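The values are calculated or read from the model by the stated rules, or taken from the named source; none is laboratory data. Keep in mind that this is a model prediction, so the values were computed, not measured. Neighbour counts are summed over all protein chains in view; Cβ atoms, including those assigned to glycine, are modelled from backbone coordinates with ideal geometry. Please note that ligands, DNA and RNA were not included when accessible areas were found on the heavy atoms of the full protein model with its side chains. Shrake-Rupley method; radii C 1.70, N 1.55, O 1.52, S 1.80 Å.
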Amino acid sequence: MKKDISIKNHLSSKENIRSDRNNDPTRQIAFDTVCQIFDWKHLPLETALKNALPVDVDQRDKAAAYRLIVCILRKKGTLEALVEPFLKRSPPQQVSWIILLGVAQILFLETPVHAAIYTSVELARHNGFAKFTGLVNAVLRRISENGPSILKDLDQNRLNIPAWLWKSWNQAGFNPRQLATLLDSEPPLDMHFKTNATVPEGGVQLMNNHWRYSCHVKVEQLDGYQEGQFWIQDIAASLPAYLLNVKENEKVADLCAAPGGKTAQLIQAGGNVVAVEKKSIRLKRLKENLNRLQMDAVLVLGDAGSLNYQNEFDAILLDAPCSATGIFRRHPDVLHLKKENEIQSLVKIQRKLIGAAIGYLKKGGRLVYSVCSLQRSEAEEQAEFFRNLPGVRALPFTQKEIPFLTEALTEEGWIRTLPSMWQEKGGMDGFFIARFVKED
């Protein structure tokens with residue numbers, strides 16, 4: 001659809017985004033971020049939000065904008081279904097976002113109706129859509145009157161998960177309806193503590209050095225953060241490094257290592273770690289995180305699929321790049337940024353990395369493959385591909401190795417966590433983990 005002004009021009013300079021054209025920074029930030037996620041470069045939420053923030057942003061405005069953006073990402077299908085009956089024809093896409101932002105405030109964020117309508121009209125006016133202010137006003141007024149009754153008749157769970165994901169999760173036996181309900185709540189905050197660290201009050205121990213806190217906890221304000229006593233890491237994300245079972249002084253490779261939680265685990269276990277990252281900005285983030293934790297590793301900038309190693313490592317962790325659909329609770333943008341036709345390209349990259357990693361491994365060495373994906377083609381099907389390669393055999397996991405989460409152990413001896421597991425404790429990310437040995 002032709003747009004009145006191009007998104008690229010609208011967001012081409014921070015000066016333009018961060019001008020004083022609108023005295024409502026919360027909604028302006030939310031609008032600019034949503035446009036970048038969906039209409040411009042399809043940026044992930046974290047990057048898009050960073051781009052949209054004014055230099056002198058008030059933290060309250062940032063927090064309020066974030067809540068509004070996440071509501072759009074989690075409820076996009078429902079919001080579009082609510083608005084559709086009140087539009088005779090589609091307005092420019094940016095006007096649609098303004099309307100959806102208004103509806104989200106009225107129906108899901110408990111914003112007073114008059115405030116949601118007024119600020120939405122002003123948002124349209126300040127962003128070059130003055131001729132659509134009447135439409136914005138009319139649609140939001142009708143939504144305020146009829147929206148709650150319409151909402152009761154909508155299958156929100158079905159609407160909020162893209163059709164291709166719903167189908168693939170259903171075929172995999174993952175109960176997409178149950179998974180969709182997890183979009184209604186903010187996931188808790190998991191942290192991995194160093195051995196003998198003093199654990200701040202308010203947490204619940206999940207396993208060993210892993211504790212869970214409320215999502216409202218301010219991590220930087222916890223005792224021990226500045227001293228590098230812990231790092232943020234979902235319980236499921238901690239399992240690949242844990243199950244690699246690194247021994248003291250083993251030479252270990254962490255391929256695709258950033259942001260560094262798994263690297264820190266491998267170091268803490270006593271490994272001599274080589275951490276590899278393809279992008280310099282991610283390697284920089286990894287280095288900063290290890291510096292805060294006062295941990296050392298050999299850092300390598302390069303493609304993990306073409307490194308100058310051969311028969312060198314006792315153990316390798318390959319947490320491969322993937323669609324990341326397993327972390328949709330924390331990052332609902334992945335539901336909309338990832339497309340079905342992109343999965344096969346990721347599968348090819350994963351297989352290249354698998355082949356390369358086998359070459360880096362010593363004979364008798366072990367390798368853990370993991371992805372934070374709910375797509376079987378990136379997970380279970382890759383494990384089948386892996387164990388049919390010459391010179392490799394599967395090393396299944398056992399209940400003894402993971403007694404606290406036996407429901408994640410599959411018949412094949414893989415680990416498959418789902419966001420719906422441990423619901424009474426707040427759930428977890430979706431991960432797939434498999435282990436192999438390079439034969440003598």
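Annotation note: GluC sites (Glu not before Pro) in region 127-227 located in DSSP loop regions with a Cβ neighbour count of at most 11 within 10 Å are E201. Note on region 97-217: percent of Cα-Cα distances in each 10 Å bin, starting at 0 and stopping at the bin with the largest distance, equals 11, 25, 22, 24, 14, 4, 0.
With contacts taken as Cα pairs under 8 Å at a separation of at least 6 residues, region 70-152 carries a relative contact order of 33 percent.
The label point for S185 and the one for E401, both projected 7 Å from the Cα toward the Cβ, are 3.1 nm apart.
GNM remark for the chain: springs join alpha carbons under 10 Å apart, and the peak mean-square fluctuation among Q399, Q229, Q36 falls on Q399. Per residue of the chain, the DSSP helices (runs of n ≥ 4 H) give a summed -39500 (n - 2.57) that works out to -12500 deg cm²/dmol at 222 nm.
For region 285-316, the residues whose backbone nitrogen is under 18 Å from a point 7 Å from the Cα of K363, taken along Cα to Cβ, are 310-315. The tail of the calculated P(r) for region 274-399 beyond 17 Å holds 64 percent of all Cα-Cα pairs. Extension gain for R285-N170 works out to 37.8 nm (0.36 nm per residue, less the C-alpha to C-alpha distance). Structural descriptor for region 233-339: relative contact order 29 percent, calculated from alpha carbon pairs under 8 angstrom and at least 6 residues apart. Heavy-atom accessible area, probed at 1.4 angstrom with all protein chains present, ranks K287, K88 as K88, K287, highest first. Only protein heavy atoms count here; on that basis, with a 1.4 Å probe, L409 has an accessible area of about 40 Å². Reported to the nearest whole Å, the Cα centre-to-centre distance from region 150-166 to region 295-315 is 44. Cross-link pairs exceeding 26 Å between alpha carbons, from the set K251/K339; K194/K284; K75/K338; K348/K400: K251/K339; K348/K400.
Going by accessible surface with a 1.4 Å probe and the largest first, T410, T33 read T410, T33.
Here the simple spin-label model places points 7 Å from the Cα toward Cβ, and for N341 and K131 these points are separated by 3.3 nm. If R0 is 41 Å, the Cβ-Cβ spacing of N196 and Q93 corresponds to a FRET efficiency of close to 0.15.
Run the numbers for N308 and D155: contour at 0.36 nm per residue of separation, minus the present Cα-Cα distance, in nm.
Details: separation 153, 0.36 × 153 = 55.08 nm, distance 5.28 nm.
That pair, N308 and D155, stretches by 49.8 nm at full extension.
Taking a point 7 Å from the Cα of Q178 along the Cα-to-Cβ direction, the residues of region 366-410 with backbone N closer than 13 Å to it are 407-408.
The relative contact order of the chain, computed from alpha carbon pairs under 8 Å that lie at least 6 residues apart in sequence, is 12 percent.
Round to a whole angstrom and tell me the spacing of the C-alpha centers of region 335-364 and region 79-140. Comparing the Cα centres of region 335-364 and region 79-140, I get a distance of 42 Å. Summary of the geometry: region 375-440 and region 246-261, compared by the centres of their Cα atoms, lie 19 Å apart.
Between K348 and H114, the C-beta separation translates, for a Förster distance of 45 Å, into a calculated FRET efficiency of about 0.25.
Axis angle, to the nearest 10 degrees, between helix 133-152 and the longest C-alpha principal axis of the chain: 60 degrees. Using all pairs of distinct alpha-carbon atoms, the Kirkwood hydrodynamic radius of region 19-153 works out to 14.8 angstrom.
So I have [x] 23.0, 79; [y] 23.5, 74; [z] 38.5, 135, and one of them is Rg and Dmax of the Cα atoms in Å calculated from this model. Which one is it? The value computed from this structure is option [y]. Over region 206-340, the fraction of Cα-Cα pairs per 10 Å bin, rounded to whole percents and listed from the shortest bin up, is 11, 38, 37, 13, 1.
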